[in-house]
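As structure tokens, the structure follows; a few thoughts come after it.
The values are calculated or read from the model by the stated rules, or taken from the named source; none is laboratory data. Small disclaimer: the values here were computed from a predicted structure and weren't measured. Glycine gets a Cβ as well: all are built from the backbone with ideal geometry, and neighbour counts include every protein chain shown.
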Number of protein chains: 4
Amino acid sequence: MIGIAVIGAGRIGKIHAANAAGNARLSLKYVVDPYGDAAGLAQEHGAQTTDVEQVWADPEVAGVVIASSTDTHLDYTLAAVRAGKHVFCEKPLDQDVDRALGALKELEAAGPKILLGFNRRFDPNFASLRAQLSQGAVGALETLHIISHDPAPPPPAYIKTSGGIFKDMSIHDFDMARWLLDEEIESVFASASVLIDPEIGAAGDFDSAKIILRTVTGKLCVISNSRRSGYGYDQRIEAFGSKGLIRADNALETTVQTWTEPGAKNAPFQNFFLDRYADAYRIEMQHFADVVEGKAAPLADQHDGVGALLLAEAAEESARTSSVVMLAAKYAQ
Amino acid sequence: MIGIAVIGAGRIGKIHAANAAGNARLSLKYVVDPYGDAAGLAQEHGAQTTDVEQVWADPEVAGVVIASSTDTHLDYTLAAVRAGKHVFCEKPLDQDVDRALGALKELEAAGPKILLGFNRRFDPNFASLRAQLSQGAVGALETLHIISHDPAPPPPAYIKTSGGIFKDMSIHDFDMARWLLDEEIESVFASASVLIDPEIGAAGDFDSAKIILRTVTGKLCVISNSRRSGYGYDQRIEAFGSKGLIRADNALETTVQTWTEPGAKNAPFQNFFLDRYADAYRIEMQHFADVVEGKAAPLADQHDGVGALLLAEAAEESARTSSVVMLAAKYAQ
Amino acid sequence: MIGIAVIGAGRIGKIHAANAAGNARLSLKYVVDPYGDAAGLAQEHGAQTTDVEQVWADPEVAGVVIASSTDTHLDYTLAAVRAGKHVFCEKPLDQDVDRALGALKELEAAGPKILLGFNRRFDPNFASLRAQLSQGAVGALETLHIISHDPAPPPPAYIKTSGGIFKDMSIHDFDMARWLLDEEIESVFASASVLIDPEIGAAGDFDSAKIILRTVTGKLCVISNSRRSGYGYDQRIEAFGSKGLIRADNALETTVQTWTEPGAKNAPFQNFFLDRYADAYRIEMQHFADVVEGKAAPLADQHDGVGALLLAEAAEESARTSSVVMLAAKYAQ
Amino acid sequence: MIGIAVIGAGRIGKIHAANAAGNARLSLKYVVDPYGDAAGLAQEHGAQTTDVEQVWADPEVAGVVIASSTDTHLDYTLAAVRAGKHVFCEKPLDQDVDRALGALKELEAAGPKILLGFNRRFDPNFASLRAQLSQGAVGALETLHIISHDPAPPPPAYIKTSGGIFKDMSIHDFDMARWLLDEEIESVFASASVLIDPEIGAAGDFDSAKIILRTVTGKLCVISNSRRSGYGYDQRIEAFGSKGLIRADNALETTVQTWTEPGAKNAPFQNFFLDRYADAYRIEMQHFADVVEGKAAPLADQHDGVGALLLAEAAEESARTSSVVMLAAKYAQ
């Protein structure tokens, strides 16, 4: 059994702790969270509470899940790696792209591996789409549409510390775009607005954005983000290839339909990301066990973390300046 | 141009008159209806009114469309054929199966052809289903489900002269079953109820029925009939074959969907048979032109008329007696 | 924690053992199976192997899951109840309806409760359909269609001991019909054929059946069964009410579609009943915990077991005699 | 009856001639085409051939349909209006936006009306979407996605005279965007590529484009264009509002589905614009009859023609310069 420590007992830490505890190859040994309810979470899964120093020191711990606040991600990742622990770090690696870039060399040279928590790569729908795309189900990929709209906006207090819509929300879509396009992105254009909640604007952020990415060979990707859909979690991908289209549609709560005079109505769309991505989180933990056992390279690593951050930063600059932002000069991906 | 006379200026006569007038190969010469507004319909399409005697006598008339009341269908058909006219007769051929059987020999011996108005065979959806089924798209046909529910029940006055649900409504489905099963039907079982409108029961009829047909090789067909769906015209077919299922679904008014909190909602189902089958009626008239020109045998003829009637009569008997009714003895199909 | 013993370490026993072990309120103490790999299953979940005598005797065991061969269901159920244990018994209660009837009085008088394993009642899709139907989402229920086709036929050896298609396969649909119709069924008509595999016919069984149930108030239910669909697990329900239709459709493996020249293609239908009903089995075990704790009456009990068996027996008789079988005389439901 | 002349006997002229001839309020009097088969088209509908001078001079002609080559649109429109004829002019009004702007004053001052042939406004799906949007079915419109991909690319010879993808293809989508957004567009960004056919690139044009329009209040619209889909005519709209989404999906050839081992497959998408928009063209001609009779203002007029052209020109400039193009300075819409 692989000893696991989870740092952070919040919403996402609870998911990872439960998936680690429920995984036949993993043993959840520690939960660390000086601010949250580490004790309750530890007790639920038969684990102990402790501090990070003991985590680093304990030779029984082979893997560390970092689910603490964003500003601690990079420091904990570096400390864990220095202590010889494999890391499963929630996204983003850091809110500051230069700090993240500065750490790349050390992370790469280290023995332990970094799995960066881009959970959507593990969603069975998106994974199936990518696998079929790679196998040429619709020929060569030409353009890509990613829709990612949340059911409802977060509280304004959250917005202020979120890093902005591009780093907080679009970052998942930038990762998905990088994963599916599978070639260097050359430029970013973003147009963003405050259409939903003026308080989001007052906090200096946007709530709606449309983004166009362009690769070095001219492939094009459109990303649509909104903080509020009004109908549930809208997470769709369409990949246009030389022989057709492959797409992943939204998930419904049930297969029940009602047919009445106004027309046929489906069950509601899944509304909460923990429901929508429950399978993805479980499979992601399974993959982390593979990474720790050396059976698989991380499906997303520190480079993917930095790559998505660079796109987020470029999108922010584009939206602020109403101009296209070129990427190549900044970072040789 | 082929001269055409339409007998009957009611709802269905108007459809046929318009389709004949709009067909490049046909010329609508006469509209005959001593009780209805023959003059208005004739004028709309640049035709004349007359009586049936002149229709039979006019050598310019090559085809006659019989859309008059059901009790006149067989007599007009016989008279038209005797006058050397091709006939496009609305279903049913007659409400009395023995009368229809008695006329078969003469109709068959006659030179002119009889196209029996089973319009659903001309619906592009059902026609495509049958063509693909014949080409083995899902292997050999094993069982069949036909759903045929009207949007809303007719007035009780109509029920009384309708001949009952099996001859009035199921008859289309019996024809569809015969056309798709394409082998001799051995027995009929029907269970029927009054679930929608007690007045229909008071008129001695049923408003809901489930029917099982069984062919000589054991193929099975379920037909579901209801006088009221509550959501539009429900006309679906599922054909289960040895390699899968082929089905025709309901038609929607538009492709528009609205996605809101309760879920995604489609546009309403098409609600009126003249909309749902507008294409079928047009194509059917095109086929009648082919029949008159000798380019095609009627897709449905007097035998199909009698075959469907026999099933309707058997279903009625089955529902009244709660027993299976064997068919073979009565009529060598 | 509620102590649980699982009797039977076969395919379905493994499911229940895993769900009991994974349930926070239940503790899997014993696995019993003198013929199968009880030891392996027990070890996987940290339980012990034993014999039924010790299960009956152990006061720590509050609930017994009976997943052994069908001919032992009733005896084990009676023994468990006599030992004061609550029972979760796989369907059917017995293959012999008279034996099952004979045991009813004792089972009813007993203190412990019997949960009969009609797992489909716990499927979130069917459960949602029934809940909405009860709340009047489509008015009063009038007629019902249940389609239940397996992906592929079982080996002929299985057929011989299965009790026949009606007791082995349709029994789930009879239970679903009873649950949704929610009133006394008056008569059964079944027409059954051998269309898929002559070996099934040689074994004295059918592989295809269409069934019509009729309730005392004239409500009608059609059940369609086939041992082979050719496209996965086909499990659909349509409930026609006075204001519309509510239906549960098949589950797909993913939400991915490919759009190419021949048309848009969905992901395959779920193909294996353990995948299709994984959620249902988990929720069913959760419900058994409620039953043992006295928080809920069993959603399906011994009466439901007998009720479904009576319909299966009537359907068999109907198919063999080509006649309608009346139910009321035999058993006051 | 309103006398109609059709100028241009090509593909689109034939559609309009047939719709005029089949319209009960219109009488097709003339077909004019010195280069094409005016005689054949005239004969088919019982009309005469002539030249434009006689069309302008004939007092029986109340409406002129201009379906000739693009470079003649504006001249014929001006001549027709000066002769007192109402005009139904195919898009675009002209390929040169300054010429079009220069003619606006005269066209506006004239008595006769100009109906500009943006046929998609008459498509029942898009018309229903817009009507429901206006009625607040999904609250206030915030952002818009328009997908418009052709089945297959035109021959390179066509590309060279087409005016480029933005004026030839996107122009329909610019009109749709203007019609649905219903407020002033402030800026355009387009990224375009040659991904399908290098010959299109050699001709100086693009075959793929993604466009973002931004209105003065920050509403955002994404347009996706491709010269080849590989699966038929892809014409979809999604309008995101404050309470949900309203969308129009693609049209299928039939409602038939086949369910086999690889999954459920729909009928092909409609593949040809004359099929896809057959209803729209018919309804558009009906609307022109209303315009000529003074019963309706044109649903799209010369301002809409110029408005769409300005967006096309801005998109072209944006794609060529990789920069955002502001619109307001050029033309007060």
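One line per residue, one yes/no per condition, for (1) surrounded by fewer than 17 Cβ atoms within 10 Å (Cβ to Cβ); (2) assigned to a strand (DSSP E or B):
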position: C:17; (1), (2): no, no
position: C:23; (1), (2): no, no
position: C:36; (1), (2): no, no
position: C:41; (1), (2): no, no
position: C:54; (1), (2): yes, no
position: C:59; (1), (2): yes, no
position: C:62; (1), (2): no, yes
Restricting attention to the range B:191-208, the residues that are in a strand (DSSP E or B) and either away from chain C (no Cβ under 11 Å) or among the charged types (D, E, K, R) (or both) number exactly 0
Output the number of the condition that residue D:84 fails; it satisfies all remaining conditions of (1) free of Cβ contacts under 8 Å to residues at least 12 places away in the same chain; (2) over 30 Å from residue A:140 (Cα atoms). (1)
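Whether any residue in the range A:258-276 is part of a strand (DSSP E or B), closer than 19 Å to residue A:147 by Cα and either hydroxyl-bearing (Ser, Thr, Tyr) or modelled with pLDDT under 95 (or both) is what I want to check. I'd like the intermediate steps shown before the answer.
Step one: list which residues in the range A:258-276 are part of a strand (DSSP E or B), which gives A:258-260, A:263-266, A:269.
Now narrow it down to the ones that are closer than 19 Å to residue A:147 by Cα: A:269.
Among the residues that remain, those that are also either hydroxyl-bearing (Ser, Thr, Tyr) or modelled with pLDDT under 95 (or both) are: none.
No: zero hits.
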Would you confirm, using the coordinates I've provided, whether residue D:28 is surrounded by 18 or more Cβ atoms within 10 Å (Cβ to Cβ), under 30 Å from residue D:144 (Cβ atoms) and not assigned by TED's automatic domain parsing to the domain that holds residue D:314? no
Residue tally, condition out of contact with any helix residue (DSSP H, G or I) (no Cβ under 7 Å at 6 or more places or on another chain) and without any contact (Cβ under 8 Å) to a residue 60 or more places away in the chain, over the range A:53-71: 8
Of the conditions (1) within 14 Å of chain C (Cβ to nearest Cβ); (2) surrounded by fewer than 22 Cβ atoms within 10 Å (Cβ to Cβ); (3) closer than 22 Å to residue B:250 by Cβ, residue B:154 clears all except one; give me its number. (1)
Of these, A:237, A:246, A:211, A:223, which one is touching a residue at least 24 places away in the same chain (Cβ under 8 Å), more than 8 Å from chain D (Cβ to nearest Cβ), farther than 19 Å from residue A:125 by Cα and crowded, with 19+ Cβ neighbours inside 10 Å? A:211
Scan the range A:131-189 for residues that are on the phi > 0 side of the Ramachandran plot and in a loop (DSSP other than H, G, I, E, B) and report the count. 4
Which one is farthest from residue A:215 (Cα to Cα), of the residues in the range A:293-304 that are surrounded by fewer than 16 Cβ atoms within 10 Å (Cβ to Cβ) and aliphatic (A, V, I, L, M)? A:296
Does residue C:97 meet the test of being surrounded by 15 or more Cβ atoms within 10 Å (Cβ to Cβ), aliphatic (A, V, I, L, M), over 24 Å from residue C:294 (Cα atoms) and at pLDDT below 95? yes
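How about the range C:1-12: which of its residues are touching a strand residue (DSSP E or B) at 6+ places or on another chain (Cβ under 9 Å) and more than 15 Å from residue C:80 (Cβ to Cβ)?
From the range C:1-12, those touching a strand residue (DSSP E or B) at 6+ places or on another chain (Cβ under 9 Å) are C:1-9, C:12; that's our starting set.
Scanning the range C:1-12 gives C:1, C:9, C:12.
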So residue B:315 fits all but one of (1) in contact with a Leu (Cβ under 7 Å, 6 or more places away or on another chain); (2) under 30 Å from residue C:201 (Cβ atoms); what number is the exception? (1)
Could you list, in sequence order, the residues of the range A:90-127 that are over 22 Å from residue A:19 (Cα atoms), in contact (Cβ under 8 Å) with a residue 60 or more places away in the chain and part of a helix (DSSP H, G or I)? A:97, A:100, A:101, A:103, A:104, A:107, A:108
Residues to consider are C:90, C:108; find the one that is in contact with a strand residue (DSSP E or B) (Cβ under 6 Å, 6 or more places away or on another chain) and not hydroxyl-bearing (Ser, Thr, Tyr). C:90
Output the number of residues of the range B:253-263 satisfying the condition of being farther than 18 Å from residue D:139 by Cα and either surrounded by fewer than 18 Cβ atoms within 10 Å (Cβ to Cβ) or without any contact (Cβ under 8 Å) to a residue 12 or more places away in the chain (or both). 1
Go through the range C:305-319 and give me each residue that's under 22 Å from residue C:150 (Cβ atoms) and either surrounded by fewer than 22 Cβ atoms within 10 Å (Cβ to Cβ) or not small (Gly, Ala, Ser) (or both). C:309, C:311, C:313, C:316
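Being within 11 Å of another protein chain (Cβ to nearest Cβ) and not acidic (Asp, Glu) is the filter here, so list the residues in the range D:110-134 that pass it.
Keep residues of the range D:110-134 that are within 11 Å of another protein chain (Cβ to nearest Cβ), which gives D:123-133.
Within the range D:110-134, D:124, D:125, D:126, D:127, D:128, D:129, D:130, D:131, D:132, D:133 meet the criteria.
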May I ask you to list pairs of residues, at least six apart or on different chains, whose Cβ atoms are under 6 Å apart, with the first in the range C:264-292 being surrounded by 20 or more Cβ atoms within 10 Å (Cβ to Cβ) and the second being among the β-branched types (Val, Ile, Thr) and not in a helix (DSSP H, G or I)? C:265/C:258; C:267/C:254; C:267/C:256; C:292/C:2
